[in-house]
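Accompanying notes for the structure given below.
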Amino acid sequence: MKQASQHRNIVNIFDAFIIPRKMSVSIYLEYCKIGSLSALIERHAVVQRPLPEHFMWHTFQQIASALEFCHYGPRRTFAILHRDIKLANIFITYRHSSRDRRIMVKLGDFRCAISAQDRDNGHSRVGLSRYTPEFATPENPRYSDASDVFQLGIVMVCLCNLSQTWRKSHEGRAASKKQRNRPAGPKYSKGLSEAIQWCRQKYPRDHPDAYMLHRAVVGCYDSIKWSLPRVPDLILPHRSR
Ligand SMILES: Nc1ncnc2c1ncn2[C@@H]1O[C@H](COP(=O)(O)OP(=O)(O)OP(=O)(O)O)[C@@H](O)[C@H]1O
Ligand SMILES: [Mg+2]
């Protein structure tokens, strides 16, 4: 976990220690001032203000980059799977200080994470007791890199629909084919829907790996960002303004 937190899109771990007498673990984390994506959706849903598309692409790129780091590097031997990617475990903060108003999106809460080595040795159920059913993948409990990518797709659908869970959004059984093919909805570009749809293929073998996804999202955003409308910014929590 400490190694993973070296990446700029992963919540930094400052210190961690075990107190054997109390059988407890303490972890000191970087504080992300703007809070979680779940809290952000809550603020926007109250006033029904959609999130800006630029923010969607920034989130998509940055979390895909964090996943690429978890799955591939810095050394393959260190690869880990997160296994609990959801709105409440992705955080937003300012890039450097509150004077620099640009924001960063960071993956946090590695409580369900497992090393790829343990997964390969058949321990894939270990640590899943706190797993969140609303973000479950079709292949659950057989977990792989592709499952993290699938969950990132769900997070993006929730952001586009200002919904806390994907089943409650326009994804349920009753959804029309048009809605299923355009998961980002009509307010967002077709490119965003296509990138999200790619992550949410039924079979894990059809998902992009994090490396491919990261590059595809960067490329797609670069080609359309000039055409995206300027819309009001994110609604920030009072304490961080
Ligand atoms: N790095 C962070 N910066 C800011 N807030 C954080 C950070 N990490 C966690 N939090 C907030 O602290 C609270 C507790 O987080 P924690 O991950 O322990 O539990 P949880 O996310 O509520 O539970 P679970 O992950 O099991 O669903 C949450 O409200 C979360 O948004
Ligand atoms: Mg959490």
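The values are calculated or read from the model by the stated rules, or taken from the named source; none is laboratory data. This structure is a prediction, so every number in the text was calculated from the model and none was measured. Positions of Cβ are generated from backbone atoms using ideal geometry, with glycine treated the same way; all protein chains shown enter the neighbour counts.
Confirm whether A88 is within 10 Å of ligand 1 (Cβ to nearest atom), at pLDDT 85 or above, closer than 18 Å to L67 by Cα and of a type in the set (G, A, S).
yes
Mind listing whichever residues of the stretch 1-15 are within 16 Å of ligand 2 (Cβ to nearest atom) and part of a strand (DSSP E or B)?
I10, I13
So G108 passes all but one of these: (1) within 16 Å of ligand 2 (Cβ to nearest atom); (2) modelled with pLDDT under 90. Which condition number does it fail?
For G108, the exception is condition (2).
For the stretch 186-202, which positions are out of contact with any Phe, Trp or Tyr (no Cβ under 9 Å at 6 or more places or on another chain) and either free of Cβ contacts under 8 Å to residues at least 40 places away in the same chain or in a helix (DSSP H, G or I) (or both)?
Across the stretch 186-202, the qualifying residues are P186, K190, S193, E194, Q197, W198.
Let's see how each residue does on (1) modelled with pLDDT of 90 or more; (2) surrounded by fewer than 17 Cβ atoms within 10 Å (Cβ to Cβ); (3) part of a loop (DSSP other than H, G, I, E, B); (4) in contact with a Ser or Thr (Cβ under 9 Å, 6 or more places away or on another chain):
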position	(1), (2), (3), (4)
C112	no, no, yes, yes
V126	no, yes, yes, no
T137	no, no, yes, yes
S163	yes, no, yes, yes
K168	no, yes, yes, no
R173	no, yes, yes, no
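So the check is Cβ under 6 Å with 6+ separation or different chains; which pairs have a first residue in the stretch 15-41 that's at negative phi and a second one that's more than 14 Å from ligand 2 (Cβ to nearest atom) and among the charged types (D, E, K, R)?
Pairs found: Y28/D15.
Could you list all residues from the stretch 36-55 that are out of contact with any Leu (no Cβ under 6 Å at 6 or more places or on another chain), of a type outside the set (A, V, I, L, M) and within 16 Å of ligand 2 (Cβ to nearest atom)?
Selection gives S36, E42.
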